[in-house]
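Notes for the one structure printed next.
Please treat every number below as a calculation from the coordinates, not as lab data. Worth saying up front: this structure is predicted, and the values here are computed from it rather than measured. All Cβ positions, even for glycine, are placed from backbone atoms using ideal geometry, and neighbour counts span all protein chains on display.
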Amino acid sequence: MHRWTLALLTAGLLATTATGCAGTTTTPGATGSSTPRAAGSPAETLRLAEQLLIKECMEKEGHKYWVEPPTPDDVSIRFPYVVDDPAWAEAHGYGTDLRREREAEVRSDPNQRYFHSVPAKARAVLVSDLNGARPQGLSARLPNGMRVSHSDQGCQATAERQLYGDLQAWFRATRVTDSLAGTRVGLVTNDKRYKAAVKPWARCMRERTYPYADPARARAAATLPETPWPHAKEVRLASAEAACAVSSGLSSVAESLDSEYRDRLRRSHPRETADLARLKREALPRARVIVARGD
């Protein structure tokens, strides 16, 4: 998925609907003025190829578009259960410094500046050309029973169709498998084995003068208050969390449970899991050609 400005995201939400939950739209964000060309992993090659196709399409529609760099993982994605990398915690705490850097990038984003530089009527056209005029054409039912929909028109859909071929299969596979990530985290944190492993972690934290019953409460204490914590204070708490995660065994228990539930959820949704792997595999040769070709 992509990120853009809050204004464009808000407008872009008109292009996506969901029955009972939010869907996803293309929301480009902080970018550089030149097109990045270094695509290493298959995932990055696919991401960059899609961006180049969106750029090509938007320029054909008469708009400017800057290719986005990869989006760094949020701390909740990097560490969904507990911060367990002492070196990372010592450098970033809970990642507040990285979040502020991303916010600064968004403020200087060329896509954002361009969006606000055009007249109001042109902005609506820009959003429509990117995301499609109406959230119709693509739909998927999520494992929780909610249905999400999105336009099969616009440059985002055009790029995905060119890259992956079967746009409906791609939409369904990505939405369903993406939703499984949140489900998996909930299953892990509610598992009695995880809860049992949290107890020695909490004892370890108390020995370090931190009275938090679980990692979620520790993270919330540092990241949710109205008055932000000083970076050094945040780092001390996150570093204690990471050290206790390793020494108490919580890190290894969480990793094991995450793998167990990931496999279980994949088996419960074999069609979408298989489609996602197949579509990515088949798209990779096309993506390499697109990236090699560049603009």
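Of all lysines in the structure, the ones whose alpha carbon falls short of 19 Å from that of K60, not counting any fewer than 8 places away in one chain, are K121.
Here the 3J(HN,Hα) profile of segment 109-116, calculated from phi with Karplus coefficients 6.51, -1.76 and 1.60 at θ = phi - 60°, is 4, x, 5, 5, 4, 5, 4, 7 Hz, Gly and Pro shown as x. When a/c reaches 1.5 or more, the comparison of a/b and b/c decides; with that in mind, is segment 104-145 rounded, prolate or oblate per its Cα gyration tensor? Because a/c hits 1.5 or more and a/b fails to exceed b/c, segment 104-145 counts as oblate.
Taking the Kirkwood radius as Rh and the Cα radius of gyration as Rg, segment 6-293 has a ratio of Rg/Rh equal to 1.00. Taking a Cβ cut-off of under 14 Å around P42, the surrounding Lys, Arg, Asp and Glu residues balance to a net charge of +3, with basic ones at +1 and acidic ones at -1. Normalising the average separation of contacting C-alpha pairs (under 8 angstrom, six or more residues apart) by the number of residues puts the relative contact order of the chain at 26 percent.
Against the chain, whose longest principal axis comes from its Cα atoms, helix 167-189 is set at around 10 degrees.
Cross-link reach is defined here as a Cα-Cα straight distance under 25 Å, omitting same-chain residues fewer than 8 places apart; for K233 the lysines meeting it are K199. If you take the square roots of the eigenvalues of the alpha-carbon gyration tensor of segment 40-123 and sort them as a ≥ b ≥ c, do you get rounded (a/c under 1.5), prolate (a/b over b/c) or oblate? The shape class here is oblate.
For segment 253-269, backbone phi angles converted through the Karplus equation (6.51, -1.76, 1.60; θ = phi - 60°) give residue-by-residue couplings of 5, 4, 5, 5, 5, 4, 5, 4, 6, 4, 5, 5, 5, 4, 5, 7, 9 Hz, Gly and Pro being listed as x. Sorting 239-252, 40-53 by their mean Cβ neighbour count within 10 Å, with the most densely packed peptide first, gives 239-252, 40-53.
Close amide H partners of A213, meaning residues 5 or more places away or on another chain with modelled amide H under 5 Å apart, do not exist here. When Lys and Arg each count +1 and Asp and Glu each count -1, what net charge do the other residues less than 15 Å away from L237, Cβ to Cβ, add up to? In short, -2.
Taking A124, A87, A173 as the candidate residues, the one with maximal mean-square fluctuation in a Gaussian network model of the chain, Cα springs under 10 Å, is A87. Each of P72, P200, Q51 was placed along the dipole of the chain (beta-carbon charges, centred on the mean Cα), and the one lying farthest toward the positive end is P200. Shape of segment 165-295 from the C-alpha gyration tensor: prolate (a/c of 1.5 or more and a/b above b/c, with a ≥ b ≥ c the square roots of its eigenvalues). Working note: 222 nm ellipticity from helices only, DSSP H runs with n ≥ 4, each -39,500 (n - 2.57), summed and divided by the residues of the chain, gives -20500 deg cm²/dmol to the nearest 500.
Among the chymotrypsin sites (Phe, Trp or Tyr not before Pro) in segment 77-150, none sits in a DSSP loop with a Cβ that has at most 12 other Cβ atoms within 10 Å. Close amide H contacts of L138 (hydrogens built in the peptide plane, cut-off under 5 Å, sequence separation of 5 or more or a different chain): H150, D152. The Cβ shell under 13 Å around M205 holds other residues with a net charge of +4, Lys and Arg each +1, Asp and Glu each -1.
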